[in-house]
1. Which of the residues that make up segment 51-82 are modelled with pLDDT under 85, aliphatic (A, V, I, L, M) and surrounded by 10 or more Cβ atoms within 10 Å (Cβ to Cβ)?
2. Taking the stated definitions as given, is Ala89 assigned to a helix (DSSP H, G or I) and modelled with pLDDT of 95 or more?
Amino acid sequence: MDDVEITDEGGYHVEKEPPKNQDLTSLSLTAAELLSQYGWYLLLVSVLGYLLIQYLSRKRSSQSSHSSATPTPQDSVFVARRQEAMEAARRKMQVELDAKAVLFKEKQKQQEEEKRRQKIEIWESMKQGKSYKGDAKPSQTTEEASSSTTVLKPKTDKKPLRSAGYNPLSGDGGGSCSWRPGRRGPSSGG
């Protein structure tokens, strides 16, 4: 069973071999071979399994929270009160809006009446020969009107920018710029 080896130096040396169990050694060798051959696949499968478990646990927790959200008698009373409060607030806002609309319509009517009255005043002042504003300046006589329509030119000491006969559209202005038609053919860009 135990192998004993004798050496020449006077001492002896004992070598013991570990007990061989065929089942365990084959198992350890196959696990090592399995990891070396399929290690990345096993790692990938284990990560996917972990993510699947996390997903399912979240789904179960959300389903349990939805199932607990079924209305109870207290919740239905709360919802009914909340809806009644919202309806009351809507009615109050509608009443305020209606009141503002009535005030706006009255204001519009007053403005229209004021405009109509101003138009009547303008028409009457025009009939009487007054200015249309109704400021009531008496109308000028024909002599005064003709003298006021003459245009007075102010005197300036500046030179004119262009000659009096300059016409930019005629092309005779003597300037260096003139319009030329573009070249025909394809464009000559980059």
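1. If the condition is that a residue be modelled with pLDDT under 85, aliphatic (A, V, I, L, M) and surrounded by 10 or more Cβ atoms within 10 Å (Cβ to Cβ), then no residue fits.
2. Working: assigned to a helix (DSSP H, G or I): yes; modelled with pLDDT of 95 or more: yes.
Judged against the criteria, Ala89 is a match.
The values are calculated or read from the model by the stated rules, or taken from the named source; none is laboratory data. For clarity, every value in this text was computed on a predicted model and none was experimentally measured. Cβ coordinates were reconstructed from backbone atoms using ideal geometry, including for glycine residues, and neighbour counts include every protein chain displayed.
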